[in-house]
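The values are calculated or read from the model by the stated rules, or taken from the named source; none is laboratory data. On a predicted model such as this, the values are computed, not experimentally measured, just so you know. Here the Cβ positions follow ideal geometry from the backbone for every residue, glycine too, while neighbour counts run over all protein chains shown.
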Amino acid sequence: MTFTPIIPIGGVAGWAFLKRTMDQQTKAFQAQPSEQRDEAYFRDKIGKIETAEQLVADPRLLRVALTAFGLQADVGNKFFIRKILEDGTLKDDALANKLANKQYRKLSSAFGFGDFATPRTKLSDFADKILAPYKQQQFAIAIGTQNEDMRLALNAEKQLAELATEPVSALSKWFTVLGSPPLRQIFETAYGLPKAFGAIDIDKQVETLQQRSRAAFGSDDIAQFTSPEVMEKLVRQFLVRSELSAGSAGMSAGQVALTLLQQSSGRYSA
């Protein structure tokens with residue numbers, strides 16, 4: 001039996017429903033036989049994998065591995081992924097270190113094929129560490145089939161929380177946001193930036209995001225999004241503007257402006 005996530009309405013109201021029912025829906029989704037089979041297969045096989053070549057040669061293992069890091073679209077790019085894994089992350093010229101999307105670096109570091117004589121796949125808790133984010137991503141993907149905005153919001157909650165704890169400069173974190181298509185879409189939409197925004201100088205893009213963040217939240221520090229209240233405000237702003245852009249909300253520009261103003265003053269509740 002297949003479980004399809006339930007999102008009866010879009011926008012902020014739909015987000016509030018999803019959050020209220022998240023635990024129940026997640027458990028129902030993960031209890032599906034197909035999900036259980038994938039988990040059992042990964043647990044049984046991953047400890048026997050010693051090289052990147054072996055991993056990319058097994059489609060089921062590779063799909064779980066990539067999905068855990070939000071890279072499932074690359075499941076067919078075996079040569080590219082093998083290179084990412086074999087290069088590791090310890091050398092400055094490693095491919096993962098050159099890419100704007102830092103999820104590739106996290107993938108390579110997690111498996112350790114290019115960094116250690118013995119890969120992390122041999123660790124007793126390795127399967128748990130990969131399967132936990134895999135399950136989250138699988139549910140988010142299923143949500144996306146019903147409402148892509150909800151998937152993006154779930155992704156933002158996860159990635160911004162992780163990014164906030166990265167041992168890099170505040171400026172580097174904003175460059176990471178721009179290098180992540182899902183996070184970039186969240187901020188560009190929430191801040192009402194035009195499609196041409198991505199074509200301007202990258203430093204100017206960062207400066208603009210910092211300015212908009214200070215105006216909206218009082219700070220340009222990514223760490224502020226570890227606050228549930230600030231993160232919720234960002235998501236609501238994204239959803240409202242996304243609905244306006246799609247023309248599906250039936251709201252006038254004035255109504256949207258009023259909604260965003262109410263959020264800023266703390267009077268809005270779903």
Restricting the range 26-81 to residues that are among the hydroxyl-bearing types (Ser, Thr, Tyr) and farther than 26 Å from residue 98 by Cα, the one farthest from the chain's Cα centre (by Cα) turns out to be 41
What is the number of the single condition among (1) at pLDDT below 95; (2) under 30 Å from residue 202 (Cα atoms); (3) not basic (Lys, Arg) that residue 86 does not meet?
(1)
Only one of these is in a helix (DSSP H, G or I) and of a type outside the set (Lys, Arg): 219, 213. Name it.
213
Which of the residues that make up the range 61-115 are in a loop (DSSP other than H, G, I, E, B) and under 21 Å from residue 158 (Cα atoms)?
69, 70, 71, 99, 100, 101, 102
Collect the residues in the range 29-75 that are touching an Asp or Glu at 6+ places or on another chain (Cβ under 8 Å) and small (Gly, Ala, Ser), keeping them in residue-number order.
52
Got at least one residue in the range 128-151 being over 26 Å from residue 41 (Cβ atoms) and of a type in the set (A, V, I, L, M)?
yes
If you check residue 110 against the conditions, is it hydrophobic (A, V, I, L, M, F, W, C), at pLDDT below 95 and in contact with a helix residue (DSSP H, G or I) (Cβ under 8 Å, 6 or more places away or on another chain)?
no
Qualifying residue in the range 178-200 (condition: free of Cβ contacts under 8 Å to residues at least 12 places away in the same chain, of a type in the set (A, V, I, L, M) and either assigned to a helix (DSSP H, G or I) or within 22 Å of residue 106 (Cβ to Cβ) (or both)):
yes
Filter result for residue 170 (more than 20 Å from residue 235 (Cβ to Cβ), surrounded by fewer than 17 Cβ atoms within 10 Å (Cβ to Cβ), at pLDDT below 95 and among the small types (Gly, Ala, Ser)):
yes
Candidate set from the range 11-37 (those that are among the polar types (S, T, N, Q) and either over 24 Å from residue 131 (Cα atoms) or in contact (Cβ under 8 Å) with a residue 24 or more places away in the chain (or both)); member that is surrounded by the most Cβ atoms within 10 Å (Cβ to Cβ)
25
If I filter the range 82-103 for residues that are surrounded by 19 or more Cβ atoms within 10 Å (Cβ to Cβ), under 26 Å from residue 36 (Cα atoms) and more than 21 Å from the chain's Cα centre (by Cα), do I get at least one hit?
no
Pairs please, first residue from the range 114-136 and more than 15 Å from residue 38 (Cα to Cα), second anywhere and part of a helix (DSSP H, G or I) and of a type in the set (Phe, Trp, Tyr), Cβ atoms under 8 Å, 6+ apart in sequence or on different chains.
119/111; 120/111; 120/126; 121/111
